[in-house]
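Structure first, commentary second.
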Amino acid sequence: MRISARADYAVRAAAELAAADHDGPVRAEALARAQDIPHRFLEGILSDLRRDGLVTSHRGAGGGYRLARAAETITIADVVRAVDGPLVFVRGNRPSDLEFQGPAAPLLHVWVALRANVRAVLEAVSLADLVAGTLPADVRALTQGESAWSNS
């Protein structure tokens with residue numbers, strides 16, 4: 001599975017906004033600089049996040065972007081979906097829409113399980129968790145076994 005640059009940048013920018021939540025709106029240039037994200041690329045990402053209701057924007061001298069709701073209520077899954085759409089696709093289809101024949105038939109269950117597990121992780125972590133550096137115990141536990149899978 002690959003995380004797109006767009007999704008990675010979106011989550012990093014949203015984490016910056018969560019960290020600055022009490023400081024007022026943050027200008028796109030400041031977000032780009034803080035996370036080393038190309039400014040023009042970030043503008044498109046912020047537009048997607050605004051369209052999905054995750055951020056708001058304010059014009060003018062004191063303007064910029066801020067989260068549209070509490071960081072505790074915005075998950076990484078929300079941010080990724082806003083910029084990339086559904087979390088897991090197989091050849092452009094949702095796993096549940098696929099059908100396989102013969103010895104490959106059980107593969108459908110693998111793709112559906114993958115989708116369920118990706119959702120479980122990304123929906124468990126909020127922007128507030130990222131900013132606080134306190135990932136949920138279930139997510140932290142998964143990182144402990146990562147070395148067994150690291151050559152994948």
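The values are calculated or read from the model by the stated rules, or taken from the named source; none is laboratory data. Bear in mind the structure is a predicted one, so any value in this text is a computation, not a measurement. With ideal geometry, Cβ positions are generated from the backbone for all residues, glycine too; neighbour counts draw on all protein chains shown. To get the accessible areas, we keep the full protein, side chains included, count just its heavy atoms, and leave off ligands, DNA and RNA. Shrake-Rupley method; radii C 1.70, N 1.55, O 1.52, S 1.80 Å.
Structure above, values below:
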| item | result |
| --- | --- |
| Normalised contact order of the chain, rounded percent, pairs of Cα under 8 Å and 6 or more residues apart | 23 |
| Three-way shape label, segment 29-84, alpha-carbon gyration tensor, a/c 1.5 | oblate |
| Paramagnetic label zone (point 7 Å from Cα along Cα-to-C-beta, PHE100; backbone N under 18 Å) in segment 1-21 | 1-2 |
| Protection proxy ranking of 59-72, 85-98, 10-23 - average other beta-carbon atoms within 10 Å, highest first | 10-23, 59-72, 85-98 |
| Within the accessible area of segment 1-134 (1.4 Å probe), percent carbon and sulfur | 52 |
| Proximal charge balance of HIS39 [Cβ under 11 Å; K/R count +1, D/E count -1] | 0 |
| Sum of -39500 (n - 2.57) over DSSP H runs of 4+, divided by residues of the chain (222 nm, nearest 500) | -15500 deg cm²/dmol |
